[in-house]
Structure formats: structure tokens, C-alpha cells
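Notes to accompany the following structure.
The values are calculated or read from the model by the stated rules, or taken from the named source; none is laboratory data. Not measured: the values here are computed from a predicted model. Note that each Cβ is placed from the backbone with ideal geometry, even for glycine, and that neighbours are counted across all protein chains shown.
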Amino acid sequence: MEIMTIRHNNRQESAIITANRVYPLQAINECCMTDWPLTIDRILKEERMTELTRWYADQTARIWEGIPSEDLEHIETGSLFESPATIWGIGFNYQPTGEPMPAERANHPVSFVKPWNTVTPVNGPILVPNGSESTTGEGEIACIIGKPGKNLTVQEARHCIAGYTAALDMTESGIHKEHPRFLARAKSFDTFCAIGPTLTSADSFYTEDITVQTILNGEVSAENHTGRMLMNIPEIVAYFSQGTTLNPGDIILTGTPGPVKIRPGDTLAVHVDGLRPPDQIGFRRMIRYNVMAIS
């Protein structure tokens, strides 16, 4: 199941995408006598994502014929999430192509937390800080938490994942280069995280052998496969849950195949196999972001 936020009847609400049609949850509720929350935030916080995906899987094609919908190409997209959540991130998680996988890995991988102000609005720009000479962008898979969990095993972590979306993570690498301790500052500038445009449920996206690409000005700048992750996604979720409660709506950035330096005038994008691609008609501008200087 794939779900997104749309602007509909002068408000933002969530909608299910099926067969390139967009079905607002309000319309689904009215036609099917259901009571789904109307935003992704509420679906996650009320822990109803699993229930919704099961309901969706049980429906036949005929049910969609009677529900008002819009063509995917013509919708106006809203922000995938509205309420603040914790954005967790892990770094250096892909073994470079051509290098053997390590026999051992660090007990504590490079990790960070990004504040919510880093999320750039849908169709919004990526703003390069004044004086920056080495801001970088990184394409990633973002994992969305759907159930609270603490001290999870890897198997338990699998059941806490609501779904996935494509993401871009930015870093002011000049600051980070000054000292590794400056990582939090280097990643916390406004607009330094792009999320979306759609959320694909965990039961519809298999993460074992997925290609992830960072794309600059239409050219692939970095590429790798999830099979070369040092920690797979359930392991990452379990790691962050140790001693810390993960909550519905939390976002985990799972690492990048590689960063690329970005400058004002560039266009940055991410491609993840199985998630809404950057060249999908109607979505081109949703996960391709224009880089601008702060005026």
C-alpha cells in the first residue's frame, strides 16, 4: 500500500494511491463506512497503519470504482508529515562497491539526530548556509516507525516499522571536517532533510536487495545496494531503541551510498528501487529539490 498527503478541499489529508489514482481517506470513510484518521500523523500515532494495510489488502478492485478519486498526475501534494517527530540517522553504513565486506563491525556506528526544522517543505528549496563551500547531499531510504518500542530485538524491530520513503540528508561538511564532534551542527541547518513524497507500507517494500542512488543534475553521483549495508534496517531500528523509546512517526535515515557536493543552482534527487521514482510523471518536482543560497 502506498499513502501520501494531498491538498484537498482547501485542507491537507491523507490518501491511498492505487492504479495511479488517488483516493482521499475522507472519501473512503464515507463510501466504505470506515473511520480511518485523515492524516498520516494520526494513523501512526493511533497505531493503525497495520490495520489500514490489512484492510487495503482485503479489498477487491471493484470497491475502488465507487470511491471519488483524482488522477495521480493532477494532485497537489502536501507534506508527508505535519507534526514534529524525532529524525534519527546513521552514517557510513554502506561498504563501498568493490571492497570486501568487513568480518567485524563497530558496536556503535556513527549516528546523529536531526531537529524537525531541517525538513524542507514539499517543493521547497535546499538552502546552502552563508559561507558554505562544502555542503553535501545524500540519497537514502527513510524508515518510518509505526509502533512504540524500547530495547527491541532485531525480530521485534521488524514489527515496529510502518513503512518507508525516499529521503535526502544534507551535511555542511566543512563544519564536520573541523572536528567530528561538530556533526550535530553540520546536519541541523534549516532545509537539510527532504522526506517523501509517499509512504510505502512495510508489507509492500522488501529491503534486502534495493538500489539506492544520489542524483545530481540528472546524473547518478553515488550508487550502492542494501545488501552492502553494514547494519540492515531492522538492526538499525533495534540499535536506536536500546535504552531509548522509539515512537510512532519517528524517522530513521538508514545511510547513503555516497554524498555529493551541492551548490546553488543544482538539482538534487534520490532514487530508491521500489519507492516512488524521481521521474514519475506528476512527482518530478516532489523529490527533486533545487539548491539555493540563503539571501
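Within the stretch 186-195, does at least one residue satisfy the condition of being of a type outside the set (Phe, Trp, Tyr) and surrounded by fewer than 17 Cβ atoms within 10 Å (Cβ to Cβ)? Yes, that holds for at least one residue. Residues in the stretch 148-176 that are closer than 21 Å to residue 291 by Cα and of a type in the set (Gly, Ala, Ser): 166, 167, 173, 174. Of the residues making up the stretch 31-62, just one is of a type in the set (Val, Ile, Thr) and farther than 21 Å from residue 203 by Cα, namely 34.
Considering the stretch 13-29 alone, what residues qualify as being over 21 Å from residue 164 (Cβ atoms) and buried (at least 17 other Cβ atoms within 10 Å of the Cβ)? Of everything in the stretch 13-29, those that are over 21 Å from residue 164 (Cβ atoms) and buried (at least 17 other Cβ atoms within 10 Å of the Cβ) turn out to be 13, 24, 26, 27, 28. Is one or more of the residues making up the stretch 181-198 touching a Ser or Thr at 6+ places or on another chain (Cβ under 6 Å), among the basic types (Lys, Arg) and not assigned by TED's automatic domain parsing to the domain that holds residue 58? Checked against the condition, which is being touching a Ser or Thr at 6+ places or on another chain (Cβ under 6 Å), among the basic types (Lys, Arg) and not assigned by TED's automatic domain parsing to the domain that holds residue 58, the stretch 181-198 yields at least one hit.
Quick check: anything in the stretch 206-222 buried (at least 18 other Cβ atoms within 10 Å of the Cβ), in a loop (DSSP other than H, G, I, E, B), touching a residue at least 24 places away in the same chain (Cβ under 8 Å) and in contact with a Gly (Cβ under 9 Å, 6 or more places away or on another chain)? Yes, because at least one residue in the stretch 206-222 is buried (at least 18 other Cβ atoms within 10 Å of the Cβ), in a loop (DSSP other than H, G, I, E, B), touching a residue at least 24 places away in the same chain (Cβ under 8 Å) and in contact with a Gly (Cβ under 9 Å, 6 or more places away or on another chain). Considering (1) among the β-branched types (Val, Ile, Thr); (2) touching a residue at least 60 places away in the same chain (Cβ under 8 Å); (3) over 30 Å from residue 17 (Cβ atoms), the lone condition that residue 175 does not fulfil carries the number (2).
Of all the residues in the stretch 84-105, those that are touching a Phe, Trp or Tyr at 6+ places or on another chain (Cβ under 9 Å) and part of a loop (DSSP other than H, G, I, E, B) number 4. Whenever a residue of the stretch 28-40 is assigned to a loop (DSSP other than H, G, I, E, B), its partners that are of a type in the set (Gly, Ala, Ser), lying with C-beta atoms within less than 7 angstrom and at least six residues away or across chains, give the pairs 38/14; 39/14. Looking across the stretch 160-187 at every residue that is of a type in the set (Val, Ile, Thr) and under 15 Å from residue 129 (Cα atoms), the one that is modelled with the highest pLDDT is identified as 171. Would you check if there is a residue in the stretch 66-80 being touching a strand residue (DSSP E or B) at 6+ places or on another chain (Cβ under 8 Å) and more than 30 Å from residue 5 (Cβ to Cβ)? Looking for residues that are touching a strand residue (DSSP E or B) at 6+ places or on another chain (Cβ under 8 Å) and more than 30 Å from residue 5 (Cβ to Cβ), one finds none in the stretch 66-80, hence no. Of the residues making up the stretch 121-152, those that are assigned to a loop (DSSP other than H, G, I, E, B) and either of a type in the set (S, T, N, Q) or without any contact (Cβ under 8 Å) to a residue 60 or more places away in the chain (or both) are 121, 123, 130, 131, 132, 133, 134, 151.
Scan the stretch 226-240 for residues that are surrounded by fewer than 21 Cβ atoms within 10 Å (Cβ to Cβ) and in contact (Cβ under 8 Å) with a residue 40 or more places away in the chain and report the count. Residues that pass the stated criteria total 6. Taken over the stretch 49-73, the criterion of being more than 25 Å from the chain's Cα centre (by Cα), part of a helix (DSSP H, G or I) and surrounded by 12 or more Cβ atoms within 10 Å (Cβ to Cβ) is satisfied by 63, 64.
Applying a threshold of 6 Å to beta carbon distances and a minimum spacing of six or more residues, or different chains, the list of pairs starting in the stretch 157-169 at a residue that is outside any strand (DSSP E or B) and ending at one that is crowded, with 24+ Cβ neighbours inside 10 Å reads 157/237; 160/145. The criterion of being among the charged types (D, E, K, R), modelled with pLDDT of 95 or more and in the same structural domain as residue 261 (by TED's automatic domain parsing) does not hold for residue 219.
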